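Presented below is the structure to which this report refers.
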Amino acid sequence: MDLSVKYMGLDLKSPIIVGSSGLTNSVEKVKELESFGAGAVVLKSLFEEQIHFEADAAGKQNDYDYPEAIDYIKSYAKDNTINAYLKLIEDCKKETKIPIIASLNCVTTGQWLEFAKKMENAGADAIELNVSLLPSDSEKTSAENEKVYFTIAEQVKKVVKIPVALKMSHYSAGLLNLIKTLSWTKNVDAFVLFNRYYNPDIDINTMKITSSGVFSTEGDLAASLRWVAILSNQIETPISATTGVHSGEDVIKQLLAGAQTVQVVSAIYKHGSSFVKTMLDDVQEWMKKQNKKSIEDFRGLVSYKNVHNAVAFERVQFMKYFGGIE
Ligand SMILES: Cc1cc2nc3c(=O)[nH]c(=O)nc-3n(C[C@H](O)[C@H](O)[C@H](O)COP(=O)(O)O)c2cc1C
């Protein structure tokens, strides 16, 4: 059974990528994930805010006689954060054979561009850009919000030669049009659909805002499954499906919908690194039963264009299905 796939021109021995998180923040963890069959890893993100924050915090720690000293300390802290990240890339490249995807979490456009170049020089096989878009600014139109995707992807593609993936939010009133238009720019080599945000909750006893669960659940798969199925025949750019993948069955569903790869995080936090192998074993067993010899034998078979009742992917009203439930 051949589980290998191509993703952004990279050769992966399996379609399961371990997504950006604390699971991929050390070379030891990456080696373990490789040993259980991960096709690639996305390293934990280097956060634009983290770099600024650490530099600012270092500058505030002491009173210095000379303003130059503060600048020096700030740039030292910044370089330290970046250097630790670059070393992680270098070590992973030295000690593993799987593609290493560096991750950059950018809020604004600009200064962090130099990091993208440094990541490439450190040996990263690709860069995943996590662009956190929350359309909560009442002064901004949809087009203004979404422009950030275009600008960031264009800027990064100008400075690096390695493939660039864009991890996006599902917030958009014209998601299909947005992703199609982005794919035409050729500045995005893969779409990672979708990012999972930190979500707020309210504690009714303290009446304070808290954080809701960090980890996804099985039920979270549906949102990305719908869009992967709708998009996969409409764009040539590969798709990596993420959020809510909790079993081998979920991996198969996303591949049937047309994803090239699938990213998993919460399920591995829950079950440990060996769960990559468990999921791959389940995929293989299913392939055997279905007489599928490779991933390409079944990828996209249940995408929007390939099924008769494709309209089910677009259904948003419950009336027909749940009308009888009292
Ligand atoms: C503890 C934790 C840390 C994460 N850190 C990052 C990160 O640094 N960068 C990033 O792009 N996504 C990060 N994510 C999001 C995951 O990469 C992933 O998109 C999300 O968890 C949805 O996938 P899942 O349903 O398999 O968990 C993190 C998720 C978790 C649970």
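Structure notes:
- Heavy atoms of K31: accessible area, 1.4 Å probe, square angstrom to 10: 90 Å²
- Amide H contacts under 5 Å for K44: S21, T24, N25, restricted to partners 5 or more places along the chain or on a different chain, H placed in the peptide plane at 1.01 Å from N.
- In this label model, E285 and S35 are separated by 2.4 nm, measuring between points 7 Å along each Cα→Cβ vector.
- Here the accessible area of the stretch 126-273 is 54 percent carbon and sulfur, with a 1.4 angstrom probe and all protein chains present.
- Note: the chain, Cα convex hull, 183 Å³ per residue.
- When the listed pairs K87/K277; K31/K288; K94/K117; K117/K180; K6/K140 are checked against a 31 Å cut-off, the alpha-carbon distance exceeds it for K6/K140.
- Amide proton proximity set for Y7, modelled H, under 5 Å, gap of 5+: L12
- Report summary: the helix-based calculation at 222 nm, which adds -39500 (n - 2.57) for every DSSP H run with n ≥ 4 and divides by the residues of the chain, gives -13000 deg cm²/dmol.
The values are calculated or read from the model by the stated rules, or taken from the named source; none is laboratory data. Everything numeric here is computed off the predicted structure, so don't read it as measured data. Because the Cβ atoms are built from the backbone with ideal geometry, glycine has one as well, and the counts that use them run over all protein chains shown. Keep in mind that these areas ignore ligands, DNA and RNA; they rest on the heavy atoms of the full protein, side chains included. Shrake-Rupley method; radii C 1.70, N 1.55, O 1.52, S 1.80 Å.
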